[in-house]
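Visitor: Once you've had a glance at the structure underneath, I'll fire off some questions.
Please treat every number below as a calculation from the coordinates, not as lab data. Since the structure is predicted, the reported quantities are computational estimates derived from the model, not experimental observations. Virtual Cβ from ideal backbone geometry, glycine too; neighbours counted across all protein chains shown.
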Amino acid sequence: MMNIALLAGGDSSEREISLQSAAQVASVLDASKYNVAIVDVRGRDWTCNGRQVDKNDFSLDSIPFDYALILIHGTPGEDGRLQGYLDMMGVPYSSSSMTSSVITFDKITTKRTVTDAGVRVARGVFVQRGEEIPDVSHLGLPLFVKPNASGSSFGVTKVAALDELSEAVRVAFAESDAILIEECIEGREFGCGILNDTVFPITEIIPKRAFFDYEAKYTEGASDEITPADIPDTLAQELARLTRMAYRACRCSGVARVDFIVTPDGTPYMIEINSIPGMSGGSIVPKQVMAMGMTLGELWDRVISQR
């Protein structure tokens, strides 16, 4: 029987969502195949039911783990730090590699990588802490101001007027040492789950707020999520093609989700890649998995078998 560490929690604003994802995944893993321990990672404190994980050999109660299932959204799971540690320990894991995670967690690096592969993204300006905010009038209004390295839309503001920009910048810098100021692409939003070459049924996301922010993502009734999306086959095929292109360009592995905005004239723009998408009861990918006739337990069996 395989001993699996389900790594959850983390040190970012997404900690609680990660713990919810972990509880959901632990409940669907096959107990006849896996001994599962949910490990709460918080700084240097890695615990399971009050017991410390020995990070010298990645073990619990002197029993080494055979596999790590990473469900930490944000640092240190989605930014590649845990993957680097696990590589040194020689322990296989469920997510993209350290290198891929660094690429996908850093929004400007993601944009540059997928643009080189032919995937369209919004125009934007990259600003590091301490730099003067440049003239962004060429991007038009409204604008989005985003932390360069954060998830679940923490620190993201939709700016309708330039006098709102300074406050939006302050909020974004509270989450990251660098930010992006981007043009707003108006259209329909779609989430595309993927595992290897398999793109899951596409979800259309219809937020009831100004955009798909944290409240819209995790508050019941704050957005409509339609799976599979009611779109023409040609658009579904194009989104699947672009999802595979972005996934390969960023050297992803395991389950990921690629999000797009499609303009009224049918042009897709990639928003971001989530290398460790949410797996809680209200998350998008679990609904996509069920829509294609697979249980979440079967999905994780497939992921783990690829170690």
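Visitor: Could you put 138, 73 in order, starting from the residue whose Cβ has the fewest other Cβ atoms within 10 Å?
Guide: Going from sparsest to densest Cβ surroundings: 138, 73.
Visitor: Also, quick follow-up: Taking amide H positions as placed 1.01 Å from N in the peptide plane, with prolines and chain starts having none, which residues 5 or more places from residue 39, or on another chain, fall under 5 Å of its amide H?
Guide: Result for residue 39 returns 6, 7, 8.
Visitor: So if the hydrodynamic radius of segment 124-183 is defined as the Kirkwood radius over C-alpha pairs, what does Stokes-Einstein give as its diffusion coefficient at 10 °C and 1.306 mPa s, in µm² per second?
Guide: D, rounded to a whole number, is 143 µm²/s.
Visitor: Which residue fluctuates the most in the chain, going by a Gaussian network model with Cα springs under 10 Å, if the choices are 182, 16, 131?
Guide: Among 182, 16, 131, the largest mean-square fluctuation in the Gaussian network model of the chain belongs to 131.
Visitor: Now for a different question. Let me have the 222 nm mean residue ellipticity of the chain computed from DSSP H runs of 4+ only, each contributing -39500 (n - 2.57), with the sum over all residues rounded to the nearest 500.
Guide: The per-residue figure over the chain is -8500 deg cm²/dmol.
Visitor: Could you list 25, 262 so that the one with the fewest beta carbons within 10 Å of its beta carbon is first and the one with the most is last?
Guide: Fewest-to-most Cβ neighbours within 10 Å comes out as 262, 25.
Visitor: Next up: Taking the Cα centroid of segment 267-295 and of segment 25-69, what is the distance between the two, rounded to the nearest whole Å?
Guide: 25
Visitor: Hey, what did the chain get for relative contact order, percent, Cα under 8 Å, at least 6 apart?
Guide: Relative contact order comes out at 19 percent.
Visitor: Also, I was wondering about something else. Calculate how many DSSP beta bridges within segment 2-94 are antiparallel, expressed in % of all such bridges and rounded to the nearest 5.
Guide: Roughly 40 percent of the beta bridges in segment 2-94 run antiparallel, per DSSP.
Visitor: Determine ³J(HN,Hα), in whole Hz, for all residues of segment 51-58 in sequence, where each value follows from phi through the Karplus function 6.51 cos²θ - 1.76 cosθ + 1.60 and θ = phi - 60°; x replaces Gly and Pro.
Guide: These are the phi-based 3J(HN,Hα) values: 9, 7, 7, 7, 7, 5, 9, 6 Hz.
Visitor: Can you work out ³J(HN,Hα) from phi for every residue in segment 139-144, in order, using Karplus 6.51 cos²θ - 1.76 cosθ + 1.60 and θ = phi - 60°, giving whole Hz and x for Gly and Pro?
Guide: Whole-Hz 3J(HN,Hα) from phi for segment 139-144: 7, x, 10, x, 10, 10.
Visitor: Using a 10 Å cut-off around each Cβ, can you sort 75, 295, 157, 104 from fewest to most neighbouring Cβ atoms?
Guide: 295, 75, 157, 104
Visitor: How big is the charge dipole of the chain about its Cα centre, in debye rounded to the nearest 20, if each Lys and Arg gets +1 on its Cβ and each Asp and Glu gets -1 on its Cβ?
Guide: Charge dipole, the chain, about its Cα centre: 580 debye, nearest 20.
Visitor: With a bin width of 10 angstrom, please list the P(r) values of segment 1-98 as percents of all Cα-Cα pairs, from the 0 bin to the one holding the largest distance.
Guide: Bins of 10 Å from zero give 17, 55, 28, 1 percent of pairs.
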